[in-house]
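One structure is given here, and the rest of the page talks about it.
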Amino acid sequence: MMAAASAPRDVTSYGIGLAAPLALFFLAFFVAPLVQLFILSLHNDAAGAIWGIGQYVHFLTDPFSLSVLGSTLLLGAEVTALCLVLGFPIAWLYHRVGSRTQTLIILIVLLPLLTSVVVRTFAWIVILGRQGIINSTLLSIGAIDTPIRLLYTQFGVVVALAQVQMPLMTLPLITVLGRIDMNLEDASCSLGAGSWRTFWKVVLPLSLPGVIAGCTLTYAAAITAFITQSLVGGGQMLFMPMYLYQQASTLQNWPFAGAISIIFLFAVLAVVTVFGMLGRLSRGYGEA
Amino acid sequence: MSSRKRTWEAVSFEAVMIVTAMVALVIIIAPSLVVLIVSFTSGYSLKFPPPGYSARWYVELWNAWQLHFAARNSFIVAMWSTGLSIVLGVAAALAIARSPTLSTRVLDSLFMSPLVLPALAFGLSALMLFSLVGLPVSALTLVIGHTVVCVPYVVRNTVAALAQLEPALLESSAILGASRSYTFRRIVLPLIRPGIIAGAFIAFMSSFDNVPVSLFLRDAATDMLPIRMWQDLEGKLDVTIAALSGVLIIATVALMAIMERATGLSKRLTS
């Protein structure tokens, strides 16, 4: 196979030079800004005249800043867990229905990805609000006497984000489940393992690369979801994106906003890297 | 004995999976349906179910010139960003799709990184750089910023389409005497076109909907639709926004149906 591929390589591949325009574009408008942001964050004063790591010291010794970072990371974990629990069965169902239903499932899953994020979030305000569907239903069946608080709570933010980010979890899962040889499940069952055991011992381990890909995307998207966090979370709950925006836009404290951005970037990168390492481990596990 | 036990187990497993999947699908689709229903309310508030139905808020929307202006800006920026993303992204995808070397892997990670990095941090950093080099925020800075965060979709979908392209087709074309550019125009491009269109579609939608980058890179004269909606929602629950949301949902579903016909969008994103 290699011998056959080496000779006609010229006709089937294109020069790396074709990537140059986009690479230059990214260097100028993506890498350079981030470098510049990092440099600015290494200034102790708001004007950017005195060098130092004061902004980082400030963030990392300030209990308030640390609690914002902590609650943001926790939020991501909760949303990812909920997406996995709800998304896996969708992916499982997808491979057990006819092709028309498959298309329907994909289009339903894709709908939140393509609908405006403000619209999606707006819908959750209508659902979770004091006069919202959940409250009016509970009131009318007599389960509660006064409207319960759902909007501006952690619960509300997690559910709304899980719905918004669901495609990012479900699509990789659908892909990976499609690659698992169905015979393995049959073999497991005929060897006496029940459905649950087959799921835990065969299907889930083999689908780990998809699970990890989905978790990475969902986690990154959930903790950076500025609009949903701010509208469903309200003023009381502060997460990293809003904290960054307030410091940059309202308070004009650019070096501190820069430090927040860099710490936030590293937090996201750390999570992506850990998931990536787990992914490599899981591929080895899947092949073993 | 054991087969009966297994059957019960299989039934319980399937019941749990199917019920959870159904609940999940309802959770996914419910918000869109709720907004559609509420937008046809005859009342002044967003109560569900509405007290009565009318199209009055859609009429109101027809006269909301501020929203029209913002929508026009968002549309123009999304068109330019998508165009730029196609030109830069397809070329880059051709370069990195079939070569497994270290440099192409590095480039691939670089081009994909806007998907996971916080867009708000990128928006802030771009604003800082533009102000440093003396480029004032304008429609141009918006298009540049949007292109950075939207081009990954074009690259990813084009790479996926190229990966499915049969190398034998290109070899046969070359053996039959076709030049590289002829092969590209007559074989490669038609075969990967659905992938490019699907990627461009997602890029367009995400640019049209972008808030975090636009927040920093727009000027006072460029009002963007999602930002206007967000600011309106922070103040009060406006039923006009519900009508606008209804229009956007219907437009999205219609575009998805067209894309499904044209490119097999659903298969494209799951293989």
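The values are calculated or read from the model by the stated rules, or taken from the named source; none is laboratory data. Only a predicted model underlies this, so the values are computations on that prediction, with no experimental measurement involved. Neighbour counts are summed over all protein chains in view; Cβ atoms, including those assigned to glycine, are modelled from backbone coordinates with ideal geometry. Accessible surface areas use protein heavy atoms only, side chains included; no ligands, DNA or RNA. Shrake-Rupley method; radii C 1.70, N 1.55, O 1.52, S 1.80 Å.
Looking at (1) over 19 Å from A:F226 (Cα atoms); (2) in contact (Cβ under 8 Å) with a residue 12 or more places away in the chain; (3) under 25 Å from the mean Cα position of the chain (by Cα), which one does A:P89 not meet, given that it meets all the others? Evaluating A:P89 over (1) over 19 Å from A:F226 (Cα atoms); (2) in contact (Cβ under 8 Å) with a residue 12 or more places away in the chain; (3) under 25 Å from the mean Cα position of the chain (by Cα) leaves (2) as the failure. Counting only residues that are surrounded by fewer than 20 Cβ atoms within 10 Å (Cβ to Cβ), closer than 24 Å to A:V164 by Cβ and in contact with a helix residue (DSSP H, G or I) (Cβ under 7 Å, 6 or more places away or on another chain), the stretch B:31-47 holds 1 of them. Against the condition over 31 Å from the mean Cα position of the chain (by Cα) and closer than 24 Å to B:M229 by Cβ, how does B:S32 come out, does it pass? No; evaluated as a whole, the condition is false for this residue.
When the helices (runs of 4 or more DSSP H) confined to the stretch A:165-267 are screened for residues that are touching a residue at least 24 places away in the same chain (Cβ under 8 Å) and surrounded by 17 or more Cβ atoms within 10 Å (Cβ to Cβ), those reaching at least 1 such residues are found at A:208-223, A:226-233, A:240-245. Scanning the stretch A:65-101 for residues that are surrounded by 14 or more Cβ atoms within 10 Å (Cβ to Cβ) and small (G, A, S) turns up A:S65, A:S71, A:G76, A:A77, A:A81, A:G87, A:A91. Taking the listed residues B:V143, B:V137, B:V188, B:V155, the one that is farther than 14 Å from B:L94 by Cα and in a helix (DSSP H, G or I) is B:V143, with no other qualifying.
Of all the residues in the stretch A:128-146, those that are more than 7 Å from chain B (Cβ to nearest Cβ), part of a loop (DSSP other than H, G, I, E, B) and surrounded by fewer than 21 Cβ atoms within 10 Å (Cβ to Cβ) number 7.
Screening A:D62 with (1) more than 14 Å from every other protein chain (Cβ to nearest Cβ); (2) charged (D, E, K, R); (3) open to solvent by 40 Å² or more (accessible area, probe 1.4 Å) gives one miss only, at (3). Just so you know, in the stretch B:64-85 the residues that are within 20 Å of B:G195 (Cα to Cα) and away from chain A (no Cβ under 11 Å) include one that is most open to solvent (accessible area, probe 1.4 Å), and it is B:W80. When B:D223, B:D209 are checked against the criterion of being within 30 Å of B:L135 (Cβ to Cβ) and in contact with a Phe, Trp or Tyr (Cβ under 7 Å, 6 or more places away or on another chain), a single residue qualifies: B:D223. Considering the conditions (1) under 23 Å from B:A119 (Cβ atoms); (2) buried (at least 16 other Cβ atoms within 10 Å of the Cβ), B:I187 is excluded by exactly one of them, (1). Residue count for the stretch A:92-127 satisfying the condition of being more than 7 Å from chain B (Cβ to nearest Cβ), hydroxyl-bearing (S, T, Y) and free of Cβ contacts under 8 Å to residues at least 12 places away in the same chain: 2.
Scanning the stretch A:7-52 for residues that are over 21 Å from B:L127 (Cβ atoms), aliphatic (A, V, I, L, M) and exposed (fewer than 14 other Cβ atoms within 10 Å of the Cβ) returns A:A7, A:I50.
With respect to (1) within 23 Å of the chain's Cα centre (by Cα); (2) within 10 Å of chain A (Cβ to nearest Cβ); (3) at pLDDT 90 or above, the lone exception for B:A97 is condition (3). When B:L237 is tested against the conditions (1) part of a helix (DSSP H, G or I); (2) within 8 Å of chain A (Cβ to nearest Cβ), the lone failure is (1). Is there a residue being under 19 Å from B:L115 (Cβ atoms) and among the acidic types (D, E) anywhere in the stretch B:169-184? Checked the stretch B:169-184: no residue is under 19 Å from B:L115 (Cβ atoms) and among the acidic types (D, E). Picking from residues in the stretch A:222-241 that are within 19 Å of A:G70 (Cβ to Cβ) and at the interface with chain B (Cβ under 9 Å from one of its Cβ atoms), the one that is farthest from the chain's Cα centre (by Cα) is A:S230. In the stretch B:173-183, what residues are open to solvent by less than 50 Å² (accessible area, probe 1.4 Å) and either part of a helix (DSSP H, G or I) or touching a residue at least 60 places away in the same chain (Cβ under 8 Å) (or both)? Matches in the stretch B:173-183: B:S173, B:A174, B:T183. For the subset of the stretch B:100-136 comprising residues that are open to solvent by 30 Å² or more (accessible area, probe 1.4 Å) and among the small types (G, A, S), which member is farthest from the other protein chains (Cβ to nearest Cβ)? Of everything passing the filter in the stretch B:100-136, B:G134 is farthest from the other protein chains (Cβ to nearest Cβ).
When A:L184, A:L168 are checked against the criterion of being more than 7 Å from chain B (Cβ to nearest Cβ) and at pLDDT below 90, A:L184 stands alone in meeting it.
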